[in-house]
Amino acid sequence: MSLTNASHDSLPYIDRPLTPSTTSKATALIAAELGDTKTPHHSLPPLPPPNFSPFVEQELERIEKSLPFTGGIDASRYEPLTLAVQDGEDEYKQKLQSSYATTTHLQHRVTNLTLLSNFGQNAWLISNSQTEGVLAGLETELKTLKEETEALNRERKRRQVEVQPEMEYLEKKWQESVGRVLEIEVASEMVFRETLERRRAGRA
């Protein structure tokens, strides 16, 4: 389910469609207003310098150079320990401590896996049920918002369609008024020129 839900139904319904030239001019104005979309806006604060650990910087450098990954988890700690006759007392104690730590870790893992086997399924089902409840609530809210949006758009369209004849009448009257004003100005100019010519003829 998409998180974005764009609706253009709120645009006017009775306006005339734009001509290709008007559309190209509007597109050019938008492009000029946007400018360079790759350069951050001057009002944005500068980004803080990165503060990576040496390990992360090493990994970034490796990825930049396209080098293969080496290293990883040291598997030697999981190998069985062997005691040799020539081992000294310190080495013997170190291996004994390592063996004890590994045994304790494995015991804890067995305990955790046992708990997961006994209770993990129910916890997972309860979590899924809660998530489904949240999803159902969001879907219901989304459905309600869509219905409200559609009802609002229908009402907006109805009102615009109702006033369309009046808008067309007013626009027609405005055009007629502008035409009359132009006719009056042309007639006035013709009367002015005719009067001026008669005055010149009377003086002659």
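Note on T82 and L113: the extension gain reaches 8.3 nm, defined as 0.36 nm multiplied by sequence separation minus the Cα-Cα distance. Per the Debye formula on identical point scatterers at the alpha carbon atoms of the chain, with no solvent, log10 I(q)/I(0) at q = 0.11, 0.16 Å⁻¹ is -1.11, -1.26. Shape index of the range 84-140: Rg/Rh, with Rg the Cα radius of gyration and Rh the Kirkwood radius from the inverse mean 1/r over Cα pairs, equals 1.50.
Using 0.36 nm per residue and subtracting the Cα-Cα separation, the extra length available between V186 and E141 on full extension is 9.9 nm. For K157, the aspartates and glutamates whose Cα falls under 18 Å of its own Cα, not counting residues fewer than eight places away in the same chain, are D9, D15, E147, E148, E166, E168. Taking packing as the residue-averaged number of other Cβ atoms within 10 angstrom, the listed peptides 96-104, 50-58 run from highest to lowest as 96-104, 50-58.
Over the chain, dividing the summed -39,500 (n - 2.57) contributions of all DSSP H runs of at least 4 residues by the number of residues returns a 222 nm mean residue ellipticity of -26000 deg cm²/dmol.
For the range 12-27 versus the range 126-198, the inter-centroid distance based on Cα atoms is 14 Å.
Segment A201..F52, full-extension length gain: 44.1 nm, with 0.36 nm per residue of separation and the alpha-carbon distance subtracted.
Taken together, the values in this text are just the output of simple stated rules run on the coordinates, not laboratory data. The structure displayed is predicted, hence computed values, not measured ones. Note: ideal-geometry Cβ built from the backbone for every residue, glycine included; neighbour counts use all protein chains shown.
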